[in-house]
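The values are calculated or read from the model by the stated rules, or taken from the named source; none is laboratory data. Being a predicted model, the structure only gives us computed values, none of them experimental. Every residue, glycine among them, receives a Cβ derived from its backbone with ideal geometry; neighbour counts consider all protein chains shown.
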Amino acid sequence: MRFISLSAFAVLAAATSVFAGERQNTNMTVTAVDCGEDFACQRVVGNSRGNHELDCTVILPNSLQAGQTYPVIAWANGWEQGNVLGQCVTDGYLPGLKNWATAGPYIVVAANAWSARAPDVLQCLEHVIESGDYPADNRTGLAGHSQGGGAVIKAGDGGKTGIDITATVPMNPYGPNWVDSGNQDGPMLLLGGDADTTTPVGSFLSVWDQVQFSQPDSILAVRLGGTHNNDAWGVYADGSTMTCEDAALTPFSQFYSQATAFWWDSQLNADADARSQARDDLEALLDGADWCVSYPGDANC
């Protein structure tokens, strides 16, 4: 098997690259990020639309093979008030994002800063697809946790990038009252926990009410006993939220690492005829005492 090295994608250590299309003259700074021996990761910083810089972490598993293209999953972090700019936050989610990257394999790109804003996660996705520096194709996923979950719901129609979104996974999303949840390019796996007091399931049922009609392949899955952070970030034994440093050592739980990897596989790597079976298999994976799973027209949760 032939592996692609990082140098095949971009020149690192304060080198520059440019976007295709609208941002043809935008300068990018690309630097190497150490995220383990099985990965070649990058920090991409540059000018962007709006009032924020482009700031993304790109995760490239070494299992990517030369001459092939791969789906891209764009991630939006959650953040606590007063910590909206942190690379530290992306690091806290990194173990789960690396799980996704190797499960496909996929290219995963995370918006480091202000990822509660839909344009930021879309700009990171656009950079990976259009820059020509990565073996990316047009099968695209969006995912995010908390405020990042609200951001990817809002970004689910591709926005001004013109990139169609194949599938979306919002985790415990915050802010559905200010997003257009029904205008999605592709189906949604909407995840929550029934013990979440930050974003209770009832706070985003309006999203489900819309997507189950606009995207009938969507799924609502609720973990019984799940809290806001125990499945996407990490909590200590007493239930308190982990620090960035400790979260950076903690992978997503079984729900987020295995179930969403299966969802990505069914949506990004399977043909349309296989998706109904894949959805049944996903339901079987989640079917048990700890899970409540609903399909459009089947209000189990």
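Structure values in brief
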{"item": "Test result for T227, modelled with pLDDT under 90, surrounded by fewer than 22 Cβ atoms within 10 Å (Cβ to Cβ) and over 23 Å from Y106 (Cα atoms)", "result": "no"}
{"item": "Flag for D273 being at pLDDT 85 or above and acidic (D, E)", "result": "no"}
{"item": "Flag for W178 being buried (at least 24 other Cβ atoms within 10 Å of the Cβ) and not basic (K, R)", "result": "no"}
{"item": "Candidate set: the stretch 178-206, residues that are within 18 Å of A76 (Cα to Cα) and not in a loop (DSSP other than H, G, I, E, B); chosen: the one modelled with the lowest pLDDT", "result": "W178"}
{"item": "Lone qualifier among W233, W263 - being touching a residue at least 40 places away in the same chain (Cβ under 8 Å), crowded, with 23+ Cβ neighbours inside 10 Å, under 20 Å from D164 (Cβ atoms) and aromatic (F, W, Y)", "result": "W263"}
{"item": "Options S240, S218: the member that is without any contact (Cβ under 8 Å) to a residue 60 or more places away in the chain and on the phi < 0 side of the Ramachandran plot", "result": "S240"}
{"item": "Hits in the stretch 206-215 - residues which are closer than 20 Å to T260 by Cβ and more than 20 Å from the chain's Cα centre (by Cα)", "result": "Q212"}
{"item": "Cross-chain or 6+ apart pairs with Cβ under 8 Å, the stretch 181-195 first and closer than 18 Å to W233 by Cβ, then modelled with pLDDT under 95 and among the acidic types (D, E)", "result": "L191/D231; G193/D231"}
{"item": "Of all residues making up the stretch 98-131, the number that are under 13 Å from V45 (Cβ atoms) and assigned to a helix (DSSP H, G or I)", "result": "4"}
{"item": "Members of the stretch 161-170 that are touching a residue at least 60 places away in the same chain (Cβ under 8 Å) and touching a Pro at 6+ places or on another chain (Cβ under 8 Å)", "result": "T166, A167"}
{"item": "Of all residues making up the stretch 132-177, the number that are over 25 Å from V201 (Cβ atoms), part of a strand (DSSP E or B) and modelled with pLDDT under 95", "result": "3"}
{"item": "Test: A299 is out of contact with any strand residue (DSSP E or B) (no Cβ under 6 Å at 6 or more places or on another chain) and farther than 22 Å from Q147 by Cα", "result": "yes"}
{"item": "Search result, residues across the stretch 102-115 that are closer than 17 Å to T161 by Cα and modelled with pLDDT under 85", "result": "S115"}
